Amino acid sequence: MTRHQLPVVSTLLGLGAIPYEHPLFLGMGGMHGSYASNMALTECDLLINFGSRFDDRLASKPDEFAPNAKIVHVDIDPSEINKIIKVDLGIVADCKATLEALLDYESYSIKHDDWLAYCNSNKEKHPFSYSKDEDESFSKPQRAIEYIGEITDGDAIVTTDVGQHQMWTAQYYPFKSHGQLVTSGGLGTMGFGIPAAIGAKLASPDKTVVSIVGDGGFQMTNQEMAILEEYGLDIKVVLINNGTLGMVKQWQDKFFNKRFSHSVFNDQPDFLKLAEAYNVKGFLIDDPTQLEQQIDAAFNHDGPALIEVRISPIEPVTPMVPSGKANHEMEGLS
Ligand SMILES: Cc1ncc(C[n+]2csc(CCOP(=O)(O)OP(=O)(O)O)c2C)c(N)n1
């Protein structure tokens, strides 16, 4: 990418393949992707897809996906080629080998300074951003994740459940290398975060392992906290508590006439007591002014911790390409 100065858009599962801070990285594309990524997908004249399957979160409206582009699709699985997007060139191959082979094209050169400048200007035009709550009674999930990114220097292994917190993690944690984000992608496995973090910590005991989970998903596998004590695993579980099945509620709000069916928890257990029962130290963040301080305390604690971050039940993930719309039809841009 660097040699040919090609801007890069990532899918959820590809995050980290190129560091967030890399000047050629435009961000995640698709439904909750960045403006710069979605405009690049929409306006590029050559798109080379390495190993992603054009799923409905990236190509919500296949007929209008990358409408101006010649499309090349490199994938190890022949059944992926021409499955969702008809491509101009399909290459059934190992992506790494294909990328290495491309390095041989020393003499290949294209001039696209204007295109690069345009892509970069889009990064500045609409970066991911969030506003402060007007009454300031809730913490911002984006800030919590951004801050965890700062104190872990973007170097932690981060696992998630499924939902809004997963998308905020994708948007705000500054991943540096591939494999750092462990999330279930298209399988949409709620409750994946803590078990995945256990596996990650056992495999990489020297890494900081953070599990960012929703209050819905947490209630599916929180009993796995027993393993943290049993195996002495220092994992920080960050529970983004909006008192709702947030992603479902966001869709009900936007597309289903605000019929909040079965998506709001009227009662919740005391999550900190639950953690205590498993000998996991609990930290409650119910005052946004204490956010950084409490996160510091939890990360400085020698042992597993549950950090419950209380956020607004109506905080949406933005921007958003509504289901069935083309990528340039993002809503909620800052
Ligand atoms: C087992 C399972 N049931 C239902 C869903 C559909 N689903 C996707 S996101 C979501 C809400 C998740 O809520 P929560 O864990 O609180 O996370 P939030 O969206 O609030 O961050 C649901 C129910 C799913 N992916 N998996």
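Here are a few things to note about the model shown:
- Per-region count, segment 297-307, residues touching a helix residue (DSSP H, G or I) at 6+ places or on another chain (Cβ under 7 Å) and surrounded by fewer than 22 Cβ atoms within 10 Å (Cβ to Cβ): 1
- Subset of segment 137-156 (residues that are part of a loop (DSSP other than H, G, I, E, B) and of a type in the set (A, V, I, L, M, F, W, C)): F138, A156
- Options N279, N266, N300; residue that is modelled with pLDDT of 95 or more, more than 22 Å from I148 (Cβ to Cβ) and over 24 Å from the mean Cα position of the chain (by Cα): N279
- Residues (over 16 Å from M167 (Cβ atoms) and touching an Asp or Glu at 6+ places or on another chain (Cβ under 8 Å)) located in segment 242-253: G243
- If you filter segment 227-246 down to residues that are closer than 17 Å to F260 by Cβ and in contact with a Ser or Thr (Cβ under 7 Å, 6 or more places away or on another chain), you find that the one that is most open to solvent (accessible area, probe 1.4 Å) is L245.
- Only one entry in F265, F299, F255, F283 is of a type outside the set (A, V, I, L, M), assigned by the TED database to the domain that holds Y147 and within 13 Å of the ligand (Cβ to nearest atom), namely F265.
- Filter result for Q171 (in contact with a Phe, Trp or Tyr (Cβ under 7 Å, 6 or more places away or on another chain), among the polar types (S, T, N, Q), crowded, with 20+ Cβ neighbours inside 10 Å and touching a residue at least 40 places away in the same chain (Cβ under 8 Å)): yes
- Annotation: K83 fulfils all but one of (1) open to solvent by 60 Å² or more (accessible area, probe 1.4 Å); (2) farther than 24 Å from S323 by Cβ; (3) out of contact with any helix residue (DSSP H, G or I) (no Cβ under 9 Å at 6 or more places or on another chain); the unmet one is (2).
- Restricting segment 189-226 to residues that are of a type in the set (D, E, K, R) and open to solvent by less than 40 Å² (accessible area, probe 1.4 Å) leaves a set whose member that is farthest from the ligand (Cβ to nearest atom) is K201.
- For Y231, the conditions (1) of a type outside the set (A, V, I, L, M, F, W, C); (2) out of contact with any strand residue (DSSP E or B) (no Cβ under 8 Å at 6 or more places or on another chain); (3) within 14 Å of the ligand (Cβ to nearest atom); (4) without any contact (Cβ under 8 Å) to a residue 60 or more places away in the chain are fulfilled apart from (3).
- Filter pass, T159 being hydroxyl-bearing (S, T, Y), within 12 Å of the ligand (Cβ to nearest atom) and not in a helix (DSSP H, G or I): no
- Number of the exception - I314 against (1) more than 30 Å from K61 (Cβ to Cβ); (2) surrounded by fewer than 21 Cβ atoms within 10 Å (Cβ to Cβ): (1)
- Residues located in segment 93-131, provided they are of a type in the set (F, W, Y) and in a loop (DSSP other than H, G, I, E, B): Y105, Y108, F128, Y130
- Residue within segment 51-60 that is surrounded by fewer than 19 Cβ atoms within 10 Å (Cβ to Cβ) and among the aliphatic types (A, V, I, L, M) present: no
- Condition met for G186 (in a helix (DSSP H, G or I), within 12 Å of the ligand (Cβ to nearest atom), out of contact with any Pro (no Cβ under 9 Å at 6 or more places or on another chain) and open to solvent by less than 20 Å² (accessible area, probe 1.4 Å)): no
The values are calculated or read from the model by the stated rules, or taken from the named source; none is laboratory data. Since this is a predicted model, take the numbers as computed values, not measurements. Positions of Cβ are backbone-derived with ideal geometry, glycine not excepted, and every protein chain shown enters the neighbour counts. Accessible surface areas use protein heavy atoms only, side chains included; no ligands, DNA or RNA. Shrake-Rupley method; radii C 1.70, N 1.55, O 1.52, S 1.80 Å.
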